[in-house]
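Q: Pasting a structure below so you can have a look.
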Amino acid sequence: MVESLQEIQAKMKKCRLCLEAGYEIYPPAVFSGDSSAEFMTIGQAPGITEQQAQRPFNAGSGTRLFGWLTRAGLEEDWFRSTQYMSSVTKCYPGRQPSGSGDRVPGRIEQEFCRTYLDQEINLVDPQIIIPIGRLAINLF
Ligand code: SF4
């Protein structure tokens with residue numbers, strides 16, 4: 001049976017796969033949007049402010065992203081309310097052990113979350129995918 005996007009989103013919110021495998025991540029998953037979206041942004045992983053606000057691209061990364069989109073004629077409020085925003089891994093991965101910046105999700109975490117990303121892409125079927133950051137760009 002094919003699951004709906006809402007069912008996949010509910011699963012993502014409840015998912016603790018990485019935690020159960022021993023990775024120090026901070027659920028729940030962060031994403032926004034529905035299947036009517038024409039654009040899909042895919043970042044690396046949420047940061048701490050995105051996790052706390054449960055809003056993708058909430059802080060510094062959002063300032064950069066919406067700066068680019070505004071220059072392309074796309075307003076932030078319109079984009080947030082009508083388009084889909086997700087990431088390669090959807091839970092906050094915590095800080096790097098060195099303390100400098102957030103930890104880059106490892107290969108296994110990316111593989112765990114890839115099923116969700118593939119389902120999101122299939123079910124939203126966006127006209128344009130905007131990968132943001134090296135991890136997402138390398139995926140495409
Ligand atoms: S990052 Fe993805 S696979 Fe890992 S616990 Fe969160 S939703 Fe699940």
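Q: Within region 97-110, work out how many residues are among the polar types (S, T, N, Q) and either within 26 Å of residue 4 (Cα to Cα) or surrounded by 11 or more Cβ atoms within 10 Å (Cβ to Cβ) (or both).
A: Selection size over region 97-110: 1.
Q: If residue 17 passes every condition in (1) among the aliphatic types (A, V, I, L, M); (2) touching an Asp or Glu at 6+ places or on another chain (Cβ under 7 Å); (3) over 22 Å from residue 137 (Cα atoms) but one, which one does it miss?
A: (2)
Q: For region 82-97, which positions are touching a strand residue (DSSP E or B) at 6+ places or on another chain (Cβ under 9 Å) and over 20 Å from residue 113 (Cα atoms)? Explain how you work it out, then say what you get.
A: Within region 82-97, the first condition is being touching a strand residue (DSSP E or B) at 6+ places or on another chain (Cβ under 9 Å), and the residues that meet it are 82-88, 91-96.
82, 83 - these are the residues of region 82-97 that are touching a strand residue (DSSP E or B) at 6+ places or on another chain (Cβ under 9 Å) and over 20 Å from residue 113 (Cα atoms).
Q: Looking at region 80-110, which of its residues are without any contact (Cβ under 8 Å) to a residue 40 or more places away in the chain and within 11 Å of the ligand (Cβ to nearest atom)?
A: 110
Q: May I ask you to verify whether residue 51 is of a type outside the set (Ser, Thr, Tyr) and farther than 20 Å from residue 79 by Cβ? Walk me through how you get there before you give the answer.
A: On the way: of a type outside the set (Ser, Thr, Tyr): yes; farther than 20 Å from residue 79 by Cβ: yes.
In short, yes.
Q: Output the residues belonging to region 19-57 that are assigned to a loop (DSSP other than H, G, I, E, B), exposed (fewer than 14 other Cβ atoms within 10 Å of the Cβ) and within 13 Å of the ligand (Cβ to nearest atom).
A: Within region 19-57, 21, 22, 24 meet the criteria.
Q: Still on this structure: Residues of region 111-140 being buried (at least 18 other Cβ atoms within 10 Å of the Cβ) and within 13 Å of the ligand (Cβ to nearest atom), which ones?
A: 112, 113, 116, 117, 119, 120, 135
Q: Applying the selection to region 60-73, what residues are surrounded by 15 or more Cβ atoms within 10 Å (Cβ to Cβ) and among the hydrophobic types (A, V, I, L, M, F, W, C)?
A: Hits for region 60-73 are 65, 66, 69.
Q: Sticking with this structure for a sec: For residue 80, are the conditions met, namely being over 28 Å from residue 20 (Cα atoms), among the basic types (Lys, Arg) and modelled with pLDDT of 95 or more?
A: In short, yes.
Q: Restricting to region 1-18, give me the number of residues that are near the ligand (Cβ under 9 Å from one of its atoms), touching a residue at least 40 places away in the same chain (Cβ under 8 Å) and in a loop (DSSP other than H, G, I, E, B).
A: Residues meeting the conditions: 1.
Q: Then there's this: Give the number of residues within region 2-61 that are among the acidic types (Asp, Glu) and closer than 11 Å to residue 91 by Cα.
A: Adding up the residues that qualify gives 2.
The values are calculated or read from the model by the stated rules, or taken from the named source; none is laboratory data. All values derive from a computational prediction rather than experimental measurement. Backbone-built Cβ (ideal geometry, glycine too); neighbour counts: all protein chains shown.
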